[in-house]
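Notes follow the structure.
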Amino acid sequence: MTKTIAILPGDGIGPEIIAEAVKVLETLQHSFGLNVQLEEGFVGGAAIDATGYPLPAETLALVKKADAVLLGAVGGTKWESLEISRRPEKGLLGLRSELELFANLRPAILFSELANASTLKPEVVADLDILIVRELTGGIYFGQPRGIRTLDNGERQGFNTLVYSESEIERIARVAFDSAEKRQKRVCSVDKANVLEATELWREVVTRVSEDYPNVKLSHMYVDNAAMQLVRAPKQFDVIVTTNMFGDILSDLASQLTGSIGMLPSASLDAHNKGMYEPIHGSAPDIAGQNIANPLATILSVAMMLRYSLNETKLADKIEKAVKQVLRDGVRTLDIGKNAVSTSEMGDAVVAALLK
Ligand code: NAD
């Protein structure tokens with residue numbers, strides 16, 4: 001059956017990097033039997049310019065019927081003066097909530113060919129391959145009550161609520177264990193169970209869920225120690241599962257172990273493995289329109305899409321192998337090397353490696 005992929009280029013470098021990912025998808029269609037239909041839509045600033053809204057009804061209908069969504073990036077200075085509810089970023093948040101994407105998967109992979117791009121010693125990070133599974137729709141970012149109130153003595157007080165129900169913890173834990181089964185079979189659950197009751201429950205539920213995965217080894221770590229261990233000896237981790245806020249912080253930290261923001265893909269999944277796939281970087285307005293952005297994070301996001309939403313593991317492996325080959329051949333965009341090739345030349349190099 002033909003699957004539909006919604007293609008949302010967005011703003012800034014979005015259209016440039018998405019064009020290269022589409023080249024890769026079309027190569028898989030024409031030469032390797034991938035049965036998909038690509039349908040393009042507006043989101044973010046591009047959608048505001050076209051329709052007045054960051055997430056128009058037409059785009060929402062498209063992503064709802066699609067089997068997976070591929071997003072470039074949204075945002076830019078042009079739209080910064082708009083009222084917050086009408087800014088491009090609202091389009092992204094709208095997509096996450098409308099599609100109920102509760103699981104954010106962010107791999108931190110360092111290809112050995114790029115070990116020198118990291119600020120850490122090559123032996124600490126070479127061949128690093130961690131998957132951070134972050135809960136995306138709950139926890140302190142959404143808990144009620146929240147706000148800023150004035151106390152009886154006139155002093156103002158800000159407050160938020162960290163809240164997790166058992167079902168929310170269980171479903172994200174299952175995503176982590178399922179992912180670990182396809183990897184090194186180790187899950188480290190990161191919490192602050194010594195201080196926060198919500199994460200005491202987190203630890204209890206994750207431990208209970210682990211009983212359904214006898215092949216996966218579960219460990220627990222407090223978040224402060226996890227931050228330290230990620231810098232000290234990151235290769236000890238396989239899959240890390242954690243709350244929304246801890247995941248937000250740790251996944252940015254982990255991404256920097258790899259040196260370049262232009263290399264890292266991400267997936268956000270719902271309960272049925274439908275997902276939105278995007279590079280972790282933004283729309284990079286400083287380099288937009290110059291054909292110099294690195295398209296590999298977006299191309300690797302396509303590999304994640306094939307693996308998690310389209311059940312095409314072999315094709316996913318093929319893309320990752322092609323990217324590795326291109327790096328081994330010394331092909332580099334400006335962010336990862338000298339004598340750089342353009343965005344489109346990098347895309348062409350990946351396509352050539354796929355067809356070899
Ligand atoms: P950014 O990730 O866009 O850029 C940070 C730096 O990394 C810039 O110097 C940029 O040139 C560089 N960079 C990013 N992607 C690159 C690539 N593929 N190749 C080479 N270099 C790359 O972050 P920012 O500058 O903080 O934000 C710019 C805009 O993007 C803002 O409007 C922000 O709101 C938006 N944003 C969007 C997303 C998203 O769509 N998911 C995420 C983050 C930021």
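Summed over the range 234-252, the residues that are in contact with a helix residue (DSSP H, G or I) (Cβ under 7 Å, 6 or more places away or on another chain) and either surrounded by fewer than 16 Cβ atoms within 10 Å (Cβ to Cβ) or part of a helix (DSSP H, G or I) (or both) give a count of 6.
Listed by position, the strands (runs of 3 or more DSSP E) enclosed by the range 138-214 that each have at least 1 residues that are on the phi < 0 side of the Ramachandran plot and touching a residue at least 24 places away in the same chain (Cβ under 8 Å) are 186-191.
Looking only at residues in the range 257-271 that are of a type outside the set (A, V, I, L, M) and within 9 Å of the ligand (Cβ to nearest atom), the one that is surrounded by the fewest Cβ atoms within 10 Å (Cβ to Cβ) is Ser260. One residue alone among Ser255, Ser301, Ser266 is more than 24 Å from Asp67 (Cβ to Cβ) and not hydrophobic (A, V, I, L, M, F, W, C), and that residue is Ser255.
Considering only residues that are of a type in the set (Ser, Thr, Tyr) and either in a loop (DSSP other than H, G, I, E, B) or open to solvent by less than 10 Å² (accessible area, probe 1.4 Å) (or both), which ones fall in the range 297-328? First the steps, then the outcome.
First, the residues of the range 297-328 that are of a type in the set (Ser, Thr, Tyr): 298, 301, 308-309, 313.
Hits for the range 297-328 are Thr298, Ser301, Ser309.
Scanning the range 329-341 for any residue that is more than 10 Å from the ligand (Cβ to nearest atom) and either in a helix (DSSP H, G or I) or under 26 Å from Gly45 (Cβ atoms) (or both) turns up nothing.
Of all residues in the range 48-88 being touching a residue at least 40 places away in the same chain (Cβ under 8 Å) and in a loop (DSSP other than H, G, I, E, B), which is nearest to the ligand (Cβ to nearest atom)? Filtering the range 48-88 for residues that are touching a residue at least 40 places away in the same chain (Cβ under 8 Å) and in a loop (DSSP other than H, G, I, E, B), the one nearest to the ligand (Cβ to nearest atom) comes out as Gly75.
Report whether or not Val195 is farther than 21 Å from Asn273 by Cα and in contact with a Gly (Cβ under 8 Å, 6 or more places away or on another chain). It is false that Val195 is farther than 21 Å from Asn273 by Cα and in contact with a Gly (Cβ under 8 Å, 6 or more places away or on another chain).
The values are calculated or read from the model by the stated rules, or taken from the named source; none is laboratory data. Here the structure is a predicted model, which means the values were calculated and not measured. Quick reminder, even Gly has a Cβ in these numbers, built from the backbone with ideal geometry, and neighbours come from all protein chains shown. Accessible surface is based on the protein model in full, side chains and every heavy atom, while ligands, DNA and RNA are left aside. Shrake-Rupley method; radii C 1.70, N 1.55, O 1.52, S 1.80 Å.
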